[in-house]
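Please read the structure below before turning to the comments.
Each value in this text was obtained by applying a stated rule to the coordinates, not by laboratory testing. The model shown is predicted, which means the values in this text are computed figures rather than measured ones. Please note: Cβ atoms are built from the backbone with ideal geometry, for glycine as well, and neighbour counts cover all protein chains shown.
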2 protein chains.
Amino acid sequence: MNDDSQNMLSAFMNVNLTSISNNYYKISKFVEPSICAATVKANAYGLGLEEVAITLQKSGCKYFFVSDLYEAIRLRNIFGTNDNAIYALNGLKPTRTKEYISHKITPVIGSFAELEEYRANTSESIDHRIALHFDTGFSRLGFDMNEIGKLSINGLNIDLIMSHLSTAEDPQSSLPENQLNLFLKANNRFVGIKKTIANSAAIFRGKSFLLDMVRPGISLYCGYDGKEAPGRLESAIELYAPIIQIKDVEAGSSIGYGASYRAIKDMSIALVEYGYADGLPWSLRSTNHQSGGQFYFNNTPTPILGRVSMDIVAIDVTVLKNDVKRGDMVEIIGSNQNIDTLAKNAGTISYEILTRLNSRVKKYYKYV
Amino acid sequence: MNDDSQNMLSAFMNVNLTSISNNYYKISKFVEPSICAATVKANAYGLGLEEVAITLQKSGCKYFFVSDLYEAIRLRNIFGTNDNAIYALNGLKPTRTKEYISHKITPVIGSFAELEEYRANTSESIDHRIALHFDTGFSRLGFDMNEIGKLSINGLNIDLIMSHLSTAEDPQSSLPENQLNLFLKANNRFVGIKKTIANSAAIFRGKSFLLDMVRPGISLYCGYDGKEAPGRLESAIELYAPIIQIKDVEAGSSIGYGASYRAIKDMSIALVEYGYADGLPWSLRSTNHQSGGQFYFNNTPTPILGRVSMDIVAIDVTVLKNDVKRGDMVEIIGSNQNIDTLAKNAGTISYEILTRLNSRVKKYYKYV
C-alpha cells in the first residue's frame with residue numbers, strides 16, 4: 001500500500017515502474033539475441049502510456065507497438081524526435097499517410113488497399129520505414145500468405161514483417177506452430193528484413209518463436225507464469241478501494257441489486273467504494289450458489305456478496321467485525337490476489353480489466 | 001451519423017443533448033408535482049458530466065446526484081456558486097467535512113459514524129444542508145429503518161431523506177412495494193422534509209413511488225420502455241467504428257483469438273477498429289454455437305465473428321461484399337441497435353457498457 005495515496009480516501013492503483021523495468025530486463029535477457037520490443041497500445045494496457053513508455057525507454061527499449069495513428073502520435077510527442085521506432089498496428093488510416101511520415105511513425109500495412117494508398121501519397125524515393133503484416137491463420141489483420149507473390153515491394157523501405165498468433169497461450173493447440181511455419185515461408189521474399197511473431201505467451205512457448213524481435217505486452221505489466229518464464233516476472237499493479245460503511249445484516253436479508261444474494265446467517269458487511277464504473281466487472285457477482293471471489297483486508301479474505309453496483313460492492317467482514325472501520329482500504333489486486341484470479345472469477349481476461357480502468361481510479365507511480 | 005466526426009476515421013460516439021433535454025421534460029411532466037432531479041454520477045453514466053449537467057440545468061433541473069465528494073466538487077466547479085443542489089450519494093468522506101461545506105455539497109449521510117463526524121466538525125448553528133439515507137431492504141448504504149428512533153437530529157438542517165430500491169425493474173418482485181411501505185414509516189419523524197425513493201424503473205412502476213422527488217439516471221440517457229413510460233423517451237447515444245480491413249476467408253478458417261469461430265463457408269469479413277479497450281465487452285463473442293449479436297452497415301446486420309480483441313472485432317460482410325470498403329463506418333449503437341440489445345448479447349447491463357466507454361472513444365455533442 002501507499003500511505004500518501006490513502007489521503008484521498010478514494011480508490012487508487014499503484015503502478016510499480018521498477019517492476020515493469022525489471023520485467024523488461026528479464027525478458028530481454030531471456031530472448032537474446034532477439035530484440036525485445038514492447039506493446040504499449042491502449043494507453044499501455046491502461047497503466048498510462050507516458051509513464052510506462054518512458055520507463056521502458058530508460059530500460060533500453062527502442063521499439064514500441066501501439067494501435068493506431070493517434071496513439072502513435074501521442075507516443076511520438078512523448079518521445080520527441082529520437083530514434084525510437086513506433087509501429088501503428090492497425091495499418092494505414094485512410095487519407096492520413098503524410099501524418100505517419102511527419103511524425104516518424106511506421107504503419108504496419110496489411111492489405112493491398114493500404115499499400116496502394118501509401119504509394120500514391122509518397123514519392124518513389126522515400127526512405128520512410130513501413131512494416132508489413134501477414135495473416136498466417138488468425139483471420140485478422142494482414143496479407144494472406146498466398147498473396148506474397150503478388151506483392152510489389154520495389155522502392156519500399158520495409159523495416160519489419162510481422163504476424164500474430166491466435167492461440168499462443170494454449171499448450172494443447174498446434175496452431176501456433178502451424179502459423180510460425182507458414183510465416184517462415186516469407187523468408188525467401190524478405191531476406192535481411194526483421195521478422196516478429198511472438199506476443200508474451202509465444203515468448204515462453206518456445207525459442208523457435210523468438211525470431212528477430214519479440215513484442216511482449218501483458219508480461220511486462222502483470223508477470224507471466226508460463227513454465228519457461230525467466231526468474232520471476234512481477235505484477236506491477238496493486239488496486240485498493242475504501243470501505244465507506246460497515247453494517248450488520250440479519251439472516252434472511254437480501255443484499256444488493258436484484259436481491260440475488262440472501263444472508264444465510266447474521267453477518268457484518270462492508271460497502272466498498274468501487275464498482276463497475278471504476279472497472280470492476282459487473283460479472284464479478286456472488287449468488288448463494290456461486291461465488292464471485294473475494295477482496296482482502298490485511299490478508300484476510302472478504303467474500304463478495306451479491307451484485308456489483310456502479311460505485312459500490314458489498315463484502316463479508318463478519319470475521320473482521322472488530323478490526324475494520326469506515327475509511328479502511330481493502331485489496332482488490334495485490335499481494336493476495338493477482339489480476340488473473342480476479343479475471344477468472346469474472347469470466348473474463350486480465351487484459352479487459354486492465355484496459356477498462358478509467359480516470360476515476362487515481363494512479364500512483366512507484367519505484368520499489 | 002455525423003459527417004464531421006468521420007474526419008477522424010476513428011470510433012466515435014454521438015451524444016444527442018436535445019434527446020436528454022426532451023427526456024428530462026417528459027419525465028418532469030410525468031412526475032408532476034414531484035421534483036425531477038437527475039442522477040449524473042460516474043461522469044453522467046459515461047456521457048460527459050459537464051455537457052450533460054449543463055443541458056439538464058438549462059432544461060430546468062436544480063437537483064443533481066453524484067457518487068462522491070470529488071465528483072461533487074467537479075460538478076460544483078461546472079455550475080459555479082448557483083443554487084443547484086448537489087448530493088454526494090456515497091456519504092461523508094472521512095476527514096473531509098469542511099470540503100462539503102466550502103463547496104456547497106450535500107452529503108447523503110447513512111451511518112452513525114458519519115453523522116458523529118459531521119457534528120464534530122461543524123458548529124451547532126450551521127445551516128449547511130445534509131440528506132439522510134435509509135436502508136429499507138437493499139443492504140447497501142443507509143441507516144437501518146429501526147435505527148430511526150436513535151437518531152439525534154436536533155440542530156441539523158436536513159434537506160432530504162432517501163432510500164434506494166433493489167428490484168424496481170422486476171414486475172414479479174414485491175420488494176419495491178415493501179421497501180416503499182417501510183420508508184413511509186419515516187414520515188412521522190421527518191415531517192415537512194422532502195422524500196425520495198424512485199430511480200428510473202420505479203418512476204414507471206407506479207405513482208406511489210414518486211413521493212416528493214424522483215432521481216432518474218439511465219432513462220434520461222437511453223430511454224426506457226416500461227409500459228407506463230411517457231410518450232417516447234429517446235436514446236441519446238450512437239456509437240460508430242471504422243472498418244480497417246476487408247478480407248476473404250476460406251471455409252474452415254478459424255477467426256480470432258482462441259480460434260473459437262470457424263468459417264462454415266467462404267466468407268468476406270471486415271475488421272472493425274473497436275475492441276474491449278474501447279469498451280466493447282469481451283463477452284460479446286460469437287462461437288459457431290452461440291451468436292454474440294451483430295453490428296449494422298447501412299441498416300444491414302453484420303454478425304460478430306469470434307472473440308473481441310483489444311482494438312478489433314471481426315464481422316461478417318459476405319452479403320455486402322461489393323458495398324463496403326476500408327474506412328466505412330459501422331453502427332454499434334444507433335437506429336438499428338440500442339444499448340440494451342448490445343448489453344443483453346454480452347450478458348451484462350447497459351449501465352456497465354456506458355460507464356466503461358473510455359477516452360479513446362471521441363464524443364461529439366449534438367443538438368438534433
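Here are a few things to note about the model shown:
- Look at A:L320, B:L220, A:L160 and count the other Cβ atoms within 10 Å of each Cβ; fewest to most, that gives A:L320, A:L160, B:L220.
- For B:K363, distant residues with modelled amide H under 5 Å away: B:M13
- The range B:48-88 - charge dipole about Cα centre, Lys and Arg +1 at Cβ, Asp and Glu -1, debye rounded to 20: 120 debye
- Among the residues of A:246-258, the average count of other protein chain beta-carbon atoms within 10 Å of the residue beta-carbon is 4.
- Whole-Hz ³J(HN,Hα) from phi, Karplus 6.51 cos²θ - 1.76 cosθ + 1.60, for the range B:249-257, glycine and proline x: 10, 7, 3, x, 5, 8, 10, x, 4
- Inter-copy label distances at A:R262, using a point 7 Å along Cα-to-Cβ, come to 4.4 nm with the shortest given first.
- Restricting the range B:110-178 to GluC sites (Glu not before Pro) in coil, as DSSP defines it, with at most 15 other Cβ within 10 Å: B:E124
- Using the Cβ of B:D127 as centre and a radius below 13 Å, the other residues enclosed give a net charge of 0, where K and R count +1 and D and E count -1.
- Summing Cβ point charges (Lys, Arg +1; Asp, Glu -1) relative to the Cα centre of the protein assembly as shown gives a dipole of roughly 240 debye.
- A Gaussian network model of chain B, with springs between Cα atoms under 10 Å, assigns the largest mean-square fluctuation among B:N121, B:N16, B:N336 to B:N121.
- Length-normalised contact order for chain B - Cα pairs under 8 Å, 6+ apart - percent: 18 percent
- Ranking A:S152, A:T167, A:F112 by Cα position along the charge dipole of chain A, where only Lys, Arg, Asp and Glu carry charges on their C-beta atoms, puts A:S152 farthest toward the positive end.
- Projecting the Cα atoms of A:T95, A:F79, A:S67 onto the charge dipole of the range A:33-222, computed from C-beta unit charges around the Cα centre, puts A:F79 farthest toward the positive end.
- Residues B:R189, B:R96, B:R356, ranked from the fewest to the most other C-beta atoms within 10 Å, line up as B:R189, B:R96, B:R356.
- Dimensions in Å of the protein assembly as shown - Rg and Dmax from alpha carbons: 27.0, 87
- Summary for B:L184: label point 7 Å along Cα→Cβ; distances to the equivalent points in the other copies, ascending, 7.8 nm.
- Largest first, the extents of the alpha carbon coordinates of chain B on the three principal axes equal 76, 42, 39 Å.
- Distance from the alpha carbon centroid of the range B:310-328 to that of the range B:60-130 works out to 50 angstrom.
- Backbone amide hydrogens, once placed in the peptide plane, bring B:L160 within less than 5 Å of B:L132, excluding anything fewer than 5 places away on its chain.
- Radius 13 Å from Cβ of A:S350, net charge of other residues (Lys, Arg +1; Asp, Glu -1): -2
- Beta bridges by DSSP in chain A, antiparallel share as percent, to the nearest 5: 50 percent
- Put simply, the amide H of A:Q294, placed in the peptide plane, has neighbours under 5 Å in A:I304, leaving out anything fewer than 5 places away on its chain.
- In chain B, the DSSP-assigned H stretches of four residues or longer account for a calculated mean residue ellipticity at 222 nm of -6500 deg cm²/dmol, using -39500 (n - 2.57) per stretch and the full residue count as denominator.
- Taking all Cα-Cα distances within the range B:76-214, those exceeding 25 Å account for 28%.
- Per-residue Cβ neighbour rank within 10 angstrom, fewest leading, A:T122, B:T196: A:T122, B:T196
- Computed magnitude of the charge dipole of chain B (debye, nearest 20; Cβ of K, R +1, Cβ of D, E -1): 320 debye
- Packing rank of A:55-62, B:149-156, where each peptide gets the mean count of other beta carbons within 10 Å, highest leading: A:55-62, B:149-156
- Per the Kirkwood formula applied to alpha carbons, the range A:237-366 shows a radius of gyration over Rh ratio, Rg over Rh, of 0.94.
- The range B:17-222 - percent relative contact order, Cα under 8 Å, separation 6 or more: 20 percent
- Total formal charge among the other residues, if their Cβ is under 15 angstrom from that of A:N299, Lys/Arg +1 and Asp/Glu -1: -4
- Per-residue ³J(HN,Hα) for the range A:188-202, Karplus 6.51 cos²θ - 1.76 cosθ + 1.60, θ = phi - 60°, Hz, x for Gly and Pro: 5, 7, 10, 5, x, 9, 4, 10, 8, 9, 8, 7, 3, 4, 5
- Average beta-carbon neighbours from other chains, 10 Å sphere, peptide B:166-176: 2
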